[in-house]
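Below is one structure, written out as structure tokens; the observations come after it.
The values are calculated or read from the model by the stated rules, or taken from the named source; none is laboratory data. The shown structure was predicted, so the numbers you read here are calculated from the model rather than taken from an experiment. Every residue, glycine among them, receives a Cβ derived from its backbone with ideal geometry; neighbour counts consider all protein chains shown. Please note that ligands, DNA and RNA were not included when accessible areas were found on the heavy atoms of the full protein model with its side chains. Shrake-Rupley method; radii C 1.70, N 1.55, O 1.52, S 1.80 Å.
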Amino acid sequence: MSKLSQSIIDKFSNAQRQSKLGMVVIFFEKIINIIRKYLVFLIIPLFNDGFDLVYIGLVTSLIFVITAVITYIEFKYFTFRFDFSKNDFVIKKGFLKKTKLSVPLNKIQQINLNQNFVHKILNLYEVQMETAGSDSKEVNIKAIEKNLAIEIKDFTDSLKERVKINKIDEKSENHKLEIDFFTLIKTGLTSRYFETLGFIIALFFGLLEYLDALSINYIPSFSSFIKNGDFGFIAVLFYVILIIFGVLGSNLITTLVKYYKFFTLKTNNNLTISYGLLSTKTTMMSPNKVQIFSYTQNWLQKKIDLCNILIFQASSEMNMSEKSNEGSKIRIPGANKNDRDKIFDLIYKSSIKEELIFKPNIRKFVLNFSFFGLFLSAIFFTIQYYFSLVDAYNYIIFQTVYLILVTFISWRIYKNNFLFISDNFIRIQSGFWDISTKIIEIHKIQSIKVYQDIWYKRLNLADLNISTAGGEIRFNFMNDNIINKLVDTLAYKVEVSKKNWM
Amino acid sequence: MKNAFSNNNVFLENIPQTENVDYSTLEKKYLNVMVLNRVIWCVITIIALIAIPILRDDNFSIYIYLSSLFIWLIIFTFTGFSFKKKKYVFREHDLIYSSGVVFTKSILIPYNRIQHLAVHQGVFSRIYNLASIQFYTAGGSSSDISIKGLSKEDADRWKEFVSEKIKKLKQ
């Protein structure tokens with residue numbers, strides 16, 4: 001190793017502390033956490049008459065002092081170092097309850113350098129190391145100086161791969177992918193309509209719950225709105241346009257803020273991804289840990305050659321909270337076909353050749369249509385017949401529009417569903433608006449499941465479900481003879497493969 | 001070393017086929033365990049149905065009693081089918097477990113994807129000298145296999161067999 005890395009070795013052999021300025025970061029993080037958790041308790045007194053400024057001031061300053069003390073203690077007793085004899089990264093922390101955390105470097109599958117707003121002001125970084133094993137906890141160093149963070153990152157990477165530290169290779173320039181501002185705008189305007197709509201609805205109900213918690217009665221104003229409000233064509237159109245603007249606007253803003261200055265870079269054997277306006281996230285992942293490569297593209301995006309890429313890595317917390325799930329998912333917003341192929345090639349070092357194509361049985365359409373179309377329509381009809389909530393004219397219009405929509409959506413779902421099998425890859429395409437394609441390498445299969453309900457058996461139909469360490473993919477309504485043959489083929493390929501799944 | 005891995009075209013006809021696999025069923029004694037388990041849950045339901053009205057000092061409607069009777073009748077009639085439908089097979093390179101009367105599910109795990117395995121014995125199983133064996137993969141809990149109702153000896157032998165396979169694959 002070079003002289004430079006020798007000095008780094010000396011440096012990291014000894015226990016290191018976080019940056020002293022980092023205490024500010026930890027302090028703010030704690031305060032924000034407290035505010036988030038107890039916001040309701042802070043607001044309720046404002047609405048009551050017994051609002052006592054002195055009392056509030058006292059409690060607040062007490063909270064601040066206690067948090068500051070805890071921050072100092074946490075900072076004082078937090079050290080990290082590399083153990084070169086065992087090739088471990090070691091963290092010691094805790095004042096009363098001492099914890100020693102050793103993470104074998106070869107188990108680290110992803111390193112993140114994050115910056116929130118406070119980090120940015122102080123020019124500090126948070127370092128996270130993620131491992132795939134369920135038994136070893138994650139490493140999280142809250143705040144260290146920039147150069148130290150980058151040294152840790154490069155150093156871990158090089159130790160892991162047992163190669164010399166290289167500066168970014170000039171030749172790897174073509175492995176660099178940047179997503180410019182204009183593409184981000186395009187992505188923001190064309191993706192995630194339904195998710196954001198759902199989110200806005202959830203937010204609305206969350207707000208109602210919050211009003212409930214503050215014991216503000218909102219029901220009278222609502223019912224008066226429903227009774228006296230204008231529900232003519234123009235008014236409805238106005239509400240629809242308002243919702244559309246809300247969805248597009250929030251999508252655009254979140255995309256721009258979250259993915260500002262997005263770029264990926266290939267260094268050594270890793271892929272570095274960095275993005276963010278207010279808080280920057282830098283993630284490093286090794287391509288062989290990728291389990292599922294997925295991209296979505298809707299009709300609009302197809303016209304302008306744009307797609308969203310989602311990369312799923314191996315994760316042990318698959319079934320746990322969504323937040324930990326986010327960590328093992330990497331989203332690339334707005335890549336064109338060329339970029340997509342480039343990233344695919346970067347990860348798998350091969351491309352998909354000759355594929356066998358399978359389609360689901362027509363019953364996929366029939367079943368969706370019968371349930372969502374006919375069965376629900378029958379329920380609507382019954383409700384209308386007995387309670388007549390709306391007048392007949394409106395009911396007929398609603399019913400017709402609904403049936404046409406369901407037919408169209410069911411048909412799209414059926415039409416866009418494909419299973420492709422090639423020598424090394426399985427590819428499943430599905431969706432009705434956002435058409436998603438999920439690709440897995442056959443040797444990364446963990447298990448294969450076949451579902452057959454009793455009423456499918458007569459029809460010779462079954463569902464295929466393939467699990468990897470990063471999630472599963474599913475293909476429904478397929479001939480069971482073909483599924484059996486597929487299972488045999490896939491199992492055979494996994495069993496003869498000498499490649500590691502991770 | 002280079003020849004160790006080949007990737008020639010494979011034709012479907014030459015690959016061992018899952019449909020013609022001879023599955024083994026579980027030990028007959030396990031049916032008793034299944035019945036016992038259900039009896040206990042049934043007793044708990046009966047106690048709840050008697051105790052709750054007493055504690056709350058008002059009666060449930062007759063439909064609640066009738067529907068729970070109906071549900072338990074169905075559960076007990078299905079126990080036999082459910083037992084018969086649980087079957088497993090250990091093959092040269094993988095194992096398959098299949099179960100479910102109405103919703104049949106079969107899971108295949110190649111030996112080279114097993115993370116670890118464990119033999120387990122519950123209270124009732126111990127009475128009948130039965131054991132269960134679990135196979136864990138990295139694919140999450142839904143893709144793990146747990147074969148209940150093997151004789152203790154069989155479970156240990158299968159454990160030995162699969163451990164050997166894994167050890168050999170690791171080399």
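Within the set B:LYS84/B:LYS148; A:LYS499/B:LYS168; A:LYS258/A:LYS444, which residue pairs have Cα atoms separated by over 19 Å?
Where the Cα-Cα span goes over 19 Å, the pairs concerned are A:LYS258/A:LYS444.
For region A:363-415, how big is Rg over Rh, using alpha carbon atoms and the Kirkwood form of Rh?
Result for region A:363-415 is an Rg/Rh of 1.06.
With θ set to phi - 60° and the Karplus curve 6.51 cos²θ - 1.76 cosθ + 1.60, what are the ³J(HN,Hα) couplings of region A:290-306 in order, to the nearest whole Hz, using x for Gly and Pro?
For region A:290-306, the Karplus-derived couplings read 5, 9, 10, 10, 9, 9, 10, 8, 9, 4, 5, 5, 4, 5, 10, 6, 9 Hz, x marking Gly and Pro.
Taking only the alpha carbons of chain B, what extent do you get along each of the three principal axes, in Å, biggest first?
Largest first, chain B extends 79, 33, 28 Å along its Cα principal axes.
Can you figure out the FRET efficiency of A:ARG412 with B:VAL102, using R₀ = 35 Å and their beta-carbon distance, to the nearest 0.05?
Details: r = 30 Å, r/R0 = 0.85.
With a Förster radius of 35 Å, E is 0.70.
How would A:ASP305, B:ASP154 rank on accessible area, largest to smallest, probe 1.4 Å?
Listed by decreasing accessible area, they come as A:ASP305, B:ASP154.
Counting trypsin sites (Lys or Arg not before Pro) as exposed when in a DSSP loop with at most 11 other beta carbons within 10 Å, what is the longest stretch of chain A free of them?
A:168-348
Among A:LEU405, A:ILE66, B:PHE135, whose Cα lies farthest out toward the positive end of the dipole of the protein assembly as shown, if unit charges sit on the beta carbon of Lys, Arg (+1) and Asp, Glu (-1)?
B:PHE135
Return the carbon/sulfur percentage of the accessible area of region A:363-415, one whole number, probe 1.4 Å, all protein chains in place.
Carbon and sulfur together cover 78 percent of it.
With a 1.4 Å probe, what is the total accessible area buried between chains B and A, in Å² rounded to the nearest 100?
Buried area between the two chains comes out at roughly 2900 Å².
For A:LYS92, give me every one of the lysines with a C-alpha distance below 23 angstrom, ignoring sequence neighbours fewer than eight places off in its own chain.
Straight-line reach from A:LYS92, under 23 Å: A:LYS11, A:LYS20, A:LYS30, A:LYS76, A:LYS100, A:LYS107, A:LYS137, A:LYS142, A:LYS146, A:LYS153, A:LYS160.
Give me the residues in region B:130-169 whose solvent-accessible area, probe 1.4 Å, is reduced by at least 30 Å² once all protein chains are included instead of the chain isolated.
Checking the loss per residue gives B:ALA138, B:GLY139, B:SER142, B:SER143.
Is any residue of region A:478-502 close enough, with backbone N under 20 Å, to a label point placed 7 angstrom from the Cα of A:ARG363 along the Cα-Cβ axis, and if so, which?
From region A:478-502, the list is A:478-487.
Could you compute the FRET efficiency for A:PHE205 and A:LYS37, with r as their C-beta to C-beta distance and R0 at 22 Å, rounded to 0.05?
0.60
What is the dipole size for the protein assembly as shown, taken about its Cα centre, with +1 at each Lys and Arg Cβ and -1 at each Asp and Glu Cβ, in debye to the nearest 20?
On the way: 82 positive and 58 negative charges, 357 e Å.
So the magnitude is around 1720 debye.
Per 0.36 nm of contour for each residue apart, how much would the distance between A:VAL54 and A:LYS303 grow if the chain were fully extended, relative to their Cα-Cα spacing?
Separation in residues times 0.36 nm, less the Cα-Cα distance, equals 83.5 nm.
Is any helix in chain A, taking whole DSSP H runs, at least 27 angstrom long along its axis by alpha carbon and on average at least 1.0 on the Kyte-Doolittle scale, and which ones?
In chain A, the long hydrophobic H runs are A:22-47, A:53-76, A:193-213, A:233-259.
Zone of B:ARG38 (label point 7 Å along Cα→Cβ, backbone N under 16 Å): which residues in region B:65-103?
Hits in region B:65-103 for B:ARG38 at 16 Å: B:68-86, B:100-103.
Could you sort A:TRP411, A:TRP455 by their accessible area in this structure, using a 1.4 Å probe and putting the largest first?
My answer, sorted largest first, is A:TRP455, A:TRP411.
Binning at 10 angstrom from zero up to the longest distance, how are the C-alpha pair distances of region B:30-81 distributed in percent?
23, 47, 23, 8, 0
If you bin every alpha carbon distance in region A:377-497 into 10 Å steps from zero, what whole percent lands in each bin?
Pair shares across the bins are 11, 31, 25, 16, 12, 5, 1.
What is the mean number of Cβ atoms from other protein chains located within 10 Å of the Cβ atom of each residue in peptide A:468-478, rounded to a whole number? Kindly include the intermediate steps, with their values, before the conclusion.
Details: counts 6, 7, 3, 2, 4, 0, 0, 0, 0, 0, 0.
Other-chain Cβ atoms within 10 Å of each residue's Cβ, averaged: 2.
How far is helix B:152-170 tilted off the main Cα axis of chain B, in degrees rounded to 10, range 0 to 90?
Tilt of helix B:152-170: around 40 degrees.
Show A:SER85, B:SER106, A:SER7 ordered by accessible area, largest first, where the area counts protein heavy atoms only and the probe is 1.4 Å.
Numbers: A:SER85 105, B:SER106 25, A:SER7 60 Å².
Greatest to least solvent exposure: A:SER85, A:SER7, B:SER106.
State the percentage of accessible surface on region B:87-170 attributable to carbon and sulfur atoms; use a 1.4 Å probe and exclude ligands, DNA and RNA.
The nonpolar share, carbon plus sulfur, comes to 53 percent.
Once amide H atoms are built 1.01 Å from N in the peptide plane, which residues 5 or more positions from B:GLY149, or in another chain, come under 5 Å H to H?
Long-range HN contacts for B:GLY149: B:ALA131, B:SER132.
I want to make sure I understand the PRE zone here: with the label point 7 angstrom from the Cα of A:ILE454 toward its beta carbon, which residues in region B:82-98 have backbone N atoms less than 15 Å away?
Flagged as within label range: B:82-86.
Can you tell me the alpha carbon radius of gyration of the protein assembly as shown divided by the globular rule-of-thumb value 2.2 N^0.38 Å?
1.14
Note every residue of region B:85-121 with a reduction of at least 30 square angstrom in accessible area, all protein chains present versus the isolated chain, computed with a 1.4 Å probe, or write none.
B:HIS93, B:VAL102, B:PHE103, B:THR104, B:LYS105, B:SER106, B:LEU108, B:PRO110, B:ASN112, B:ARG113
Given a 1.4 angstrom probe, what's the average accessible area per residue across the protein assembly as shown, in square angstrom?
That works out to 58 Å² per residue.
How many angstrom lie between the C-alpha centres of region A:365-415 and region B:40-117?
If you average the Cα positions of each part, the centres end up 36 Å apart.
If I take R0 = 51 Å and measure r between the Cβ atoms of B:ALA118 and A:GLU355 in this structure, what FRET efficiency does the formula 1/(1 + (r/R0)^6) give, to the nearest 0.05?
Values: r = 39 Å, r/R0 = 0.77.
E(calc), rounded to 0.05, equals 0.85.
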